[in-house]
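Single-structure report; data block below.
The values are calculated or read from the model by the stated rules, or taken from the named source; none is laboratory data. The structure displayed is predicted, hence computed values, not measured ones. Cβ atoms come from the backbone with ideal geometry, glycine included; neighbour counts cover every protein chain shown. Side chains are part of the model used for accessible areas, which takes the heavy atoms of the whole protein and leaves out ligands, DNA and RNA. Shrake-Rupley method; radii C 1.70, N 1.55, O 1.52, S 1.80 Å.
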Amino acid sequence: MMHVMVQNPTVRRLQDCRGLAALAACLMLGACGQLPDLGSPEMMAVSQSSANPEVQGAAASDPEKATDHWGKKFAKNPRDLKNALNYARNLKAMGQKRRAISVLQQAAIFHGHDRELAGDYG
């Protein structure tokens, strides 16, 4: 006796969707691997290139000074996106990821649709 299994069309569609979801996840992970690390020293130097001249030289060699500088600027004006991004990047570079996320969360209140913020926050 031979059993023939007839699949329900709904089950078949769900199986197809699972395959597509797995493919989409793989593509997204591959894309994330191509993005630069925003907390790397190279990216910190880029984000600090717009800093005040008195901080530029010190910031490249002393991440604590850079973090302190951006922290003070952020404390004075937490709505300024540039201050928030630079402060969060420096915090992340110093290993203080939770504080960096907190800064980005606060910035997202005022700049929720900014792509650069979304990139750092993600």
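A few notes on this one:
- The criterion of being out of contact with any Cys (no Cβ under 9 Å at 6 or more places or on another chain), at negative phi and either open to solvent by less than 40 Å² (accessible area, probe 1.4 Å) or in a loop (DSSP other than H, G, I, E, B) (or both) does not hold for Arg98.
- Ala107 vs. criteria among the small types (Gly, Ala, Ser) and open to solvent by 50 Å² or more (accessible area, probe 1.4 Å): no
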